[in-house]
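The values are calculated or read from the model by the stated rules, or taken from the named source; none is laboratory data. Keep in mind that what you see is a predicted model, and the values were worked out from it rather than measured. Every residue, glycine as well, gets a Cβ built from its backbone with ideal geometry; the counts of neighbours run over all protein chains shown.
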Amino acid sequence: MPDEITSTLDVKDIAAQTEKASEPVPPAEPVKKHDTPEFLAVKSSFTPSRGDMGGGFCVIFEGSTGRTVFQVFWLAKPYAEGQVPEVQKDWRTFVKRLPSMGPLDKDWGEKLQAQLKEILTIEEKKKLYENYTKAKIRQLESMIRRSFEATAQCLFTATTEAEPIARPELERAKIIKPLPPTPEELARQQREKEEQERKDQEEREKEEAKKEGNFEGTIIMCTPQVDPVRGKASSEIVPGDIIAVKIEGEGTSALVKKYLDENNIEPLFPVDEIRETQGKKFIYVKISDEIRGYVAITKDLKIRVKETAQPEQPDKARMSFMGDLFFFGLLGVALVALLFVIRYFFL
């Protein structure tokens, strides 16, 4: 099975393919220092010293495996003198210029491309990737030129260069598919996705909270402090109740939270208004004349409320004792009076 993935011999195909490869990214983008150049592009142009044909090719392969991921071969006959693409340019610019060398000759192109495949074997490509010095490139250039001359019976002048390419560049050009993300990258992407979803939800709730009402101050988002034992069900909360909330976020929220923390003030605020819309309940608390907080409730929760002081109830046992004492006191006075009357009239 051949290792070439792309072999272009038609002028329309090459134009379409080079445009597709170049559109996603700007031309002549340099290899970034932090990107490991895992791939190598071999670019070569061969012009006739004697004859009427010339051409060029670009082969991009993976260094560790020698697998070709992109290949373009152009053989022009007759050759348009003076239209030689510069191998010093980046591989996309070079590939785009190949059709300018003249009309494509498929028959001769296939013959010379077969010679190139015999020279650039998988093992040879792997060795070249490991050591693509100028001397090695000149040696390869000489081998290719002599092979083409023997096949085409035409003398050529060849120019060859190698260009290291990092994986991200080929991924952006849609020549290779991105590698599957690592578990760490998947975890990071999931965290970023959840964080973005949370922010989007907060923004939606803020917009929903501002849709109605005439309040012109600042509205910040709060979360309720839940008390499953002594809390009051959110469905029973009414304006005037003082509920405990948590203030989180940036901007005004952060300033309010900082003020409360620095002054050791517990975030207990009176409920100012309650609204329900689209299956959600919005409980608004008054933080100040200019700032209101809102709590978005999607299910019934027991929210911590401030315990109001209850009026002192009289001690029933004590009241009972005082009543008995008063009764027996009156009874004693009555008995003394009775004895006094008996003694006065009968003795």
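For region 59-135, please list each of the helices (runs of 4 or more DSSP H) lying entirely inside it that holds at least 3 residues being within 12 Å of Lys43 (Cα to Cα) and over 46 Å from the mean Cα position of the chain (by Cα).
Details: elements: 91-97, 106-119, 122-130.
By residue number, no helices (runs of 4 or more DSSP H) qualify.
Every residue, every condition in (1) surrounded by fewer than 17 Cβ atoms within 10 Å (Cβ to Cβ); (2) of a type outside the set (A, V, I, L, M, F, W, C); (3) within 19 Å of Ser64 (Cβ to Cβ), yes or no:
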residue	(1), (2), (3)
Val84	no, no, no
Gln88	yes, yes, no
Ile119	yes, no, no
Lys126	no, yes, yes
Glu141	no, yes, no
Phe148	no, no, no
Leu179	yes, no, yes
Glu184	yes, yes, no
The lone exception for Gln113 - which of (1) of a type in the set (S, T, N, Q); (2) surrounded by 16 or more Cβ atoms within 10 Å (Cβ to Cβ); (3) free of Cβ contacts under 8 Å to residues at least 60 places away in the same chain it fails: (3)
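Does region 40-61 contain at least one residue that is touching a strand residue (DSSP E or B) at 6+ places or on another chain (Cβ under 8 Å), of a type in the set (S, T, N, Q) and surrounded by fewer than 22 Cβ atoms within 10 Å (Cβ to Cβ)? Break it down stepwise before answering.
Of the residues in region 40-61, the ones touching a strand residue (DSSP E or B) at 6+ places or on another chain (Cβ under 8 Å) are 40-51, 53-61.
Now drop any that are not of a type in the set (S, T, N, Q), which leaves 44-45, 47, 49.
Now drop any that are not surrounded by fewer than 22 Cβ atoms within 10 Å (Cβ to Cβ), which leaves 47, 49.
Within region 40-61 (the criterion being touching a strand residue (DSSP E or B) at 6+ places or on another chain (Cβ under 8 Å), of a type in the set (S, T, N, Q) and surrounded by fewer than 22 Cβ atoms within 10 Å (Cβ to Cβ)), the answer is yes, since at least one residue qualifies.
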For Phe340, the lone unmet condition from (1) buried (at least 16 other Cβ atoms within 10 Å of the Cβ); (2) at pLDDT below 90 is (1)
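Here's the yes/no breakdown for (1) at pLDDT 95 or above; (2) within 19 Å of Ser147 (Cα to Cα):
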residue	(1), (2)
Asp3	no, no
Val25	no, no
Thr36	no, no
Val42	yes, yes
Ala76	no, yes
Glu81	no, no
Glu86	no, no
Asp107	no, yes
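Taking region 150-166 on its own, how many of its residues are of a type outside the set (Val, Ile, Thr) and surrounded by fewer than 17 Cβ atoms within 10 Å (Cβ to Cβ)?
Of all residues in region 150-166, those of a type outside the set (Val, Ile, Thr) come to 150, 152-156, 158, 161-164, 166.
This time we only want the ones that are surrounded by fewer than 17 Cβ atoms within 10 Å (Cβ to Cβ), so: 150, 153, 155, 164.
Result for region 150-166: 4.
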Could you give me the residue pairs with C-beta distances under 8 Å whose first residue belongs to region 246-257 and is within 18 Å of Glu195 (Cα to Cα) and touching a residue at least 24 places away in the same chain (Cβ under 8 Å), whose second residue is in a helix (DSSP H, G or I) and aliphatic (A, V, I, L, M) wherever it lies, and which are 6+ apart or on separate chains? Ile247/Val256; Ile247/Leu260
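For region 162-265, give me every one of the helices (runs of 4 or more DSSP H) that falls completely inside it and has 1 or more residues that are within 30 Å of Asn131 (Cβ to Cβ), outside the structural domain of Gly279 (by TED's automatic domain parsing) and at pLDDT 85 or above. Explain how you work it out, then say what you get.
Numbers: elements: 167-172, 183-210, 252-262.
Fully inside region 162-265 and qualifying: 167-172.
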